[in-house]
Structure formats: structure tokens, C-alpha cells
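Here's the structure we're looking at; comments come further down.
The values are calculated or read from the model by the stated rules, or taken from the named source; none is laboratory data. These figures come from a predicted structure and were not determined experimentally. Using ideal geometry, Cβ is built from the backbone for each residue, glycine included, and neighbour counts are taken over all protein chains shown. Ligands, DNA and RNA are excluded from the accessible area calculation, which covers all protein heavy atoms including side chains. Shrake-Rupley method; radii C 1.70, N 1.55, O 1.52, S 1.80 Å.
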Amino acid sequence: MSTELTYSAQGRSPRTAAVVGVVWLALLALWLILDATPWIVAFLALFTLPACWDLLTNPPSGLTLTADSVRWHSGKRHASVKLEEIDHVRLDTRLDFSVKVTLVLKTGAKLRLPFEATPPHLQLEQAFEAQGIKTRRHHFQLMQ
């Protein structure tokens, strides 16, 4: 029995806004309370710019798995692969417990799905297996 999976997400989220706010409050405290040098505070604030850009532009991302193909998009990037071209799906758990999803094609080529476009890994794994695509899990490998 095959099922279709559709997942979508936005770059603007309450969690991202909260994290950026907490970081900025910590940097402000460093500057005002601990008298940190302003250029050091400004340098540390640069690391929040990608999250600020996501909050400002709100890029859409998502993935659709159908009976014949898998399609994904992230911001302005779009791609798709026919299921018949996929040998297996590799799910790598990283040290931060995030899961990297790689489509390994029958030609040996590897396509890494953007993290922001992938649904929760258990849901994605079940959907691929329902479509007859083998999945392989790898945990905490430092080298590939």
C-alpha cells in the first residue's frame, strides 16, 4: 500500500525568533553589565544574521513523496527524482541528533536533501518504506 507524504515549513518561526532574542539579550548583557568590548559583541552578533535573514524573508521549504517521485524545495532551490532512480535512502544521525537524509541513486550518485525541507525522520523513513524504497540508518559517524 503506497501513501503520499507532503511536508512544508517556513523560515519564520517562533522558535527562531525566541533564540535570536535570547542571544541578543545575552550580547546586550555582555556589553552593558560585563563591559565587553563593542567590537567583540558586534562580531558575535554576526552569527545571528542567517537566522535574522530567515525571519525577514520567510523562505518556504518542503518535500512531497508520491508513488512515482520525490520533490523538494528550499527557498529558490527545487529538485525532484523519480523513485525508480533511487537505490536506497541513507539516514545519518549526527552528533547533535539531527538527521541528514541522502538519496543514493542506482548510478551511485548521492543527493542530499536540505535539512529544512525534510519532515521528522521517522515519518520520512516510514513513507519511503511504504513506497518500497530501502532505508539505511547510520548513527554518529565522524568520517564518511
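Below is a table of values for the structure above.
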{"read-out": "Rounded FRET efficiency, nearest 0.05, which uses the C-beta distance separating H138 from A79 and R0 of 30 Å", "value": "0.85"}
{"read-out": "Loop sites in the range 68-129: GluC sites (Glu not before Pro), DSSP, at most 11 other Cβ within 10 Å", "value": "none"}
{"read-out": "Rg to Rh, two decimals, where the range 71-127 supplies the alpha carbon set and Rh follows Kirkwood", "value": "0.95"}
{"read-out": "DSSP-assigned coil residues among trypsin sites (Lys or Arg not before Pro) in the range 54-144, each with at most 14 further Cβ atoms within 10 Å", "value": "K76, R94, K106"}
{"read-out": "Point-to-point label distance, T16-Q123, nm (Cα→Cβ direction, 7 Å offset)", "value": "1.8 nm"}
{"read-out": "Only Lys, Arg (+1) and Asp, Glu (-1) charged, at Cβ; the chain dipole about Cα centre in debye", "value": "240 debye"}
{"read-out": "Solvent exposure of the range 56-143 as accessible area per residue, Å², 1.4 Å probe", "value": "58 Å²"}
{"read-out": "Net charge contributed by nearby residues that have their C-beta within less than 12 Å of Q131 (K/R +1, D/E -1)", "value": "-3"}
{"read-out": "Span-rule helices in the chain, defined as complete DSSP H runs reaching 15 Å or more along the axis (Cα) with Kyte mean at least 1.6", "value": "14-32"}
{"read-out": "Normalised convex hull volume, the chain, alpha-carbon set, Å³ per residue", "value": "137 Å³"}
{"read-out": "FRET E, pair T37, N58, Förster distance 35 Å, beta-carbon r, rounded to 0.05", "value": "0.55"}
{"read-out": "Alpha-carbon centroids, the range 18-35 and the range 70-124: separation in whole Å", "value": "36 Å"}
{"read-out": "Loop sites in the range 77-144: chymotrypsin sites (Phe, Trp or Tyr not before Pro), DSSP, at most 12 other Cβ within 10 Å", "value": "F97, F140"}
